[in-house]
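What follows is one structure encoded as structure tokens, with my remarks underneath.
The values are calculated or read from the model by the stated rules, or taken from the named source; none is laboratory data. A quick note: this is a predicted structure, and the numbers were derived from the prediction, not measured. FYI the Cβ positions are ideal-geometry reconstructions off the backbone, even for glycines, and counts take in every protein chain you see. Remember, those area values only see protein heavy atoms, side chains included, never the ligands or the DNA or RNA. Shrake-Rupley method; radii C 1.70, N 1.55, O 1.52, S 1.80 Å.
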There are 2 protein chains.
Amino acid sequence: MTTEEKIFNAARIVFQKKGFAGARMQEIADEAGINKAMLHYCFKNKQLLFEAVFKNAFSQLAPQINAIFSSNETIFEKIKQFTHSYISFVIVNPFLPPFVIQEMNNNPEFVKNFFKNENSPNPYLLIDQIKKEIDLGIIKPMNPKQLVLDIFSMTVFPFAAQMMVKGILHLDDAEFNLMMEERKTTIAEQIINSIKK
Amino acid sequence: MTTEEKIFNAARIVFQKKGFAGARMQEIADEAGINKAMLHYCFKNKQLLFEAVFKNAFSQLAPQINAIFSSNETIFEKIKQFTHSYISFVIVNPFLPPFVIQEMNNNPEFVKNFFKNENSPNPYLLIDQIKKEIDLGIIKPMNPKQLVLDIFSMTVFPFAAQMMVKGILHLDDAEFNLMMEERKTTIAEQIINSIKK
DNA sequence: ATCTTTGTTAACCAAACGGTTAAACTAAAA
DNA sequence: TTTTAGTTTAACCGTTTGGTTAACAAAGAT
């Protein structure tokens, strides 16, 4: 593993745990097992190191989601694939959703630019498809954006608010993961059940 | 308005916008229009000022939620009341959900203690009721905690991930609020529709 | 009138922070 | 063997940050 990779991995861990403002360059250096000056040698400054981590996090997810959204399957099938695929991904990367939400909240300008320039998840193929299937009478009339929001809510929220969910429902890690495994199939079933004519 | 109130309101604004780590005592003082030393005179230190704001935020919500959960209504009615009541509340306090999620993520120990000591939303009345109604054959067999999680997901997520939702779905503030108004009724209808026998 | 308590400020401080520098180390090219 | 280019480090620096201090002002209390 190169030094740059060591730094990158360490930065990902620390940024995800503490956020941009709470992360300390020294802590990242310690986590990577290298001298603090190397951080600046490899990534110039804190902001650029952060952006590298943030972009990488998104770039792991966006292609997966877009691939599903732009396929030729029915919506019902896409909903099934998305929930299964997304939950599988974030079970392995559980810190990602709260991290993204946090930095969206703290630094909206950066994130807005990010969404314009980088390849971010694009739901408009899905939205168009929903419109068509409504017209064809396959699913009930509704605001397509609400359906997209429902799908994201049901899949992303439990991970985004992980600590709160575990606290309120008294779940340990094992129970939480078990529930998330269950959700891989149940979410899609419920949503489909509530929208099909 | 007393000086203490001025500080508290200013702290709420700055903490919700920047998070604990990102907030600056000087910025809070400026926002309150008073000298920085007054912060320490009134609230001792940053941590205690933050805890005051955090506890207050939760104490506004918890009683509302618990009142609904512990009433004598049917689950269907409780779901309707909760979604309507919660969305109405956070439309007026939109920074609350991301704020809570962020600080849960950054400072889990503090939050765990908080949940044990303060009056936090207690879903177990609701969970017991769900179990009973499943046994009575009113709703489909399922894990009651999953249903509770569904309800929270559908209501809380759009606000928790507000910036992301607006970005991905290309919504301005007006469109976003319009969608949330619509959700006050549609969420409950959808959930009820998908669980009733 | 004088003392005490409470509220308020400007000036200050030590520690922590992000970032820089210059030197030392390494290994491959000349 | 020497040069050269790329790595890595210890030590340092200016600024920011949370927090303190001492002086001061207003208002009751004695």
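Can you find a residue that is among the charged types (D, E, K, R), more than 10 Å from chain B (Cβ to nearest Cβ), open to solvent by less than 70 Å² (accessible area, probe 1.4 Å) and within 27 Å of A:Glu77 (Cα to Cα) anywhere in region A:129-141?
Checking region A:129-141: at least one residue is among the charged types (D, E, K, R), more than 10 Å from chain B (Cβ to nearest Cβ), open to solvent by less than 70 Å² (accessible area, probe 1.4 Å) and within 27 Å of A:Glu77 (Cα to Cα).
Just one of the numbered conditions (1) within 16 Å of DNA strand C (Cβ to nearest atom); (2) farther than 30 Å from B:Thr83 by Cβ is not true of B:Phe20; which one?
(2)
Quick one: would you say B:Phe89 is within 16 Å of DNA strand D (Cβ to nearest atom), open to solvent by less than 60 Å² (accessible area, probe 1.4 Å) and over 16 Å from B:Asn122 (Cβ atoms)? Write out each step before concluding.
Values: within 16 Å of DNA strand D (Cβ to nearest atom): no; open to solvent by less than 60 Å² (accessible area, probe 1.4 Å): yes; over 16 Å from B:Asn122 (Cβ atoms): yes.
So B:Phe89 does not fit the description; no.
Picking from A:Ile65, A:Ile7, A:Ile28, which residue would you name as being of a type in the set (A, V, I, L, M, F, W, C) and more than 14 Å from DNA strand C (Cβ to nearest atom)?
Details: A:Ile7 fails: more than 14 Å from DNA strand C (Cβ to nearest atom); A:Ile28 fails: more than 14 Å from DNA strand C (Cβ to nearest atom).
It is A:Ile65.
In this structure, does A:Ile75 turn out to be away from DNA strand C (no atom under 16 Å from the Cβ), within 18 Å of A:Phe157 (Cα to Cα), open to solvent by less than 50 Å² (accessible area, probe 1.4 Å) and not hydroxyl-bearing (Ser, Thr, Tyr)? Can you show your working first?
Numbers: away from DNA strand C (no atom under 16 Å from the Cβ): yes; within 18 Å of A:Phe157 (Cα to Cα): no; open to solvent by less than 50 Å² (accessible area, probe 1.4 Å): yes; not hydroxyl-bearing (Ser, Thr, Tyr): yes.
Answer is no for this residue.
Mind listing whichever residues of region B:142-154 are at the interface with chain A (Cβ under 8 Å from one of its Cβ atoms) and touching a residue at least 24 places away in the same chain (Cβ under 8 Å)?
Correct list: B:Met142, B:Val148, B:Asp150, B:Met154.
If you go through region B:48-71, how many residues are of a type in the set (Gly, Ala, Ser), under 19 Å from B:Phe20 (Cβ atoms) and open to solvent by less than 20 Å² (accessible area, probe 1.4 Å)?
Selection size over region B:48-71: 1.
Here's the yes/no breakdown for (1) farther than 20 Å from A:Gln102 by Cβ; (2) more than 7 Å from every other protein chain (Cβ to nearest Cβ); (3) in contact (Cβ under 8 Å) with a residue 60 or more places away in the chain:
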position: A:Ala160; (1), (2), (3): no, no, yes
position: A:Lys166; (1), (2), (3): no, yes, no
position: A:Asp172; (1), (2), (3): yes, yes, no
position: A:Phe176; (1), (2), (3): no, yes, no
position: A:Ala188; (1), (2), (3): yes, yes, yes
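Out of curiosity, is B:Ala11 within 25 Å of A:Phe20 (Cβ to Cβ), among the aliphatic types (A, V, I, L, M) and crowded, with 20+ Cβ neighbours inside 10 Å?
Numbers: within 25 Å of A:Phe20 (Cβ to Cβ): yes; among the aliphatic types (A, V, I, L, M): yes; crowded, with 20+ Cβ neighbours inside 10 Å: yes.
Against the criterion (within 25 Å of A:Phe20 (Cβ to Cβ), among the aliphatic types (A, V, I, L, M) and crowded, with 20+ Cβ neighbours inside 10 Å), B:Ala11 qualifies.
Taking B:Leu96 and the conditions (1) more than 10 Å from chain A (Cβ to nearest Cβ); (2) crowded, with 19+ Cβ neighbours inside 10 Å; (3) at pLDDT 90 or above, which numbered condition does it fall short on, given that it satisfies the others?
Looking at each condition in turn, B:Leu96 falls short on (3).
Is it the case, given these coordinates, that B:Glu103 is away from DNA strand C (no atom under 15 Å from the Cβ), of a type in the set (Asp, Glu) and within 27 Å of A:Asp172 (Cα to Cα)?
In short, yes.
Could you pull out the residue among A:Glu175, A:Glu181, A:Glu118, A:Glu103 that is buried (at least 19 other Cβ atoms within 10 Å of the Cβ) and charged (D, E, K, R)?
Result of the check over A:Glu175, A:Glu181, A:Glu118, A:Glu103: A:Glu103.
For region B:29-52, which positions are closer than 18 Å to B:Leu96 by Cβ and touching a Leu at 6+ places or on another chain (Cβ under 7 Å)?
Once the filter is applied, which keeps residues that are closer than 18 Å to B:Leu96 by Cβ and touching a Leu at 6+ places or on another chain (Cβ under 7 Å), region B:29-52 yields only B:Leu49.
What do you reckon, is A:Lys6 open to solvent by 40 Å² or more (accessible area, probe 1.4 Å), over 26 Å from A:Ile101 (Cβ atoms) and not aliphatic (A, V, I, L, M)?
Considered against the rule, which asks whether it is open to solvent by 40 Å² or more (accessible area, probe 1.4 Å), over 26 Å from A:Ile101 (Cβ atoms) and not aliphatic (A, V, I, L, M), A:Lys6 comes out as yes.
Name every residue in region A:17-46 that is touching a residue at least 60 places away in the same chain (Cβ under 8 Å) and buried (at least 21 other Cβ atoms within 10 Å of the Cβ), in order of residue number.
A:Gly19, A:Phe20
Provide a single number: the residues in region B:10-21 that are more than 14 Å from chain A (Cβ to nearest Cβ) and either within 11 Å of DNA strand D (Cβ to nearest atom) or farther than 27 Å from A:Phe99 by Cβ (or both).
1
Would you pick out the residues in region A:140-197 that are over 18 Å from B:Pro158 (Cβ atoms) and of a type in the set (Phe, Trp, Tyr)? Even if it seems obvious, please write down each step before you answer.
Residues of region A:140-197 over 18 Å from B:Pro158 (Cβ atoms): A:140-141, A:163, A:166-186, A:188-189, A:192-193, A:196-197.
Listed by number, the list holds a single entry, A:Phe176.
I'd like to check which helices (runs of 4 or more DSSP H) are fully inside region B:115-197 and have at least 2 residues that are under 21 Å from the mean Cα position of the chain (by Cα) and modelled with pLDDT of 95 or more. Show your work before the answer.
Details: elements: B:124-135, B:144-160, B:162-168, B:173-195.
Output list reads B:144-160, B:173-195.
Quick one: which of A:Lys55, A:Lys36 is basic (Lys, Arg) and either within 14 Å of another protein chain (Cβ to nearest Cβ) or more than 16 Å from DNA strand C (Cβ to nearest atom) (or both)?
Going through A:Lys55, A:Lys36 in turn, the sole match is A:Lys55.
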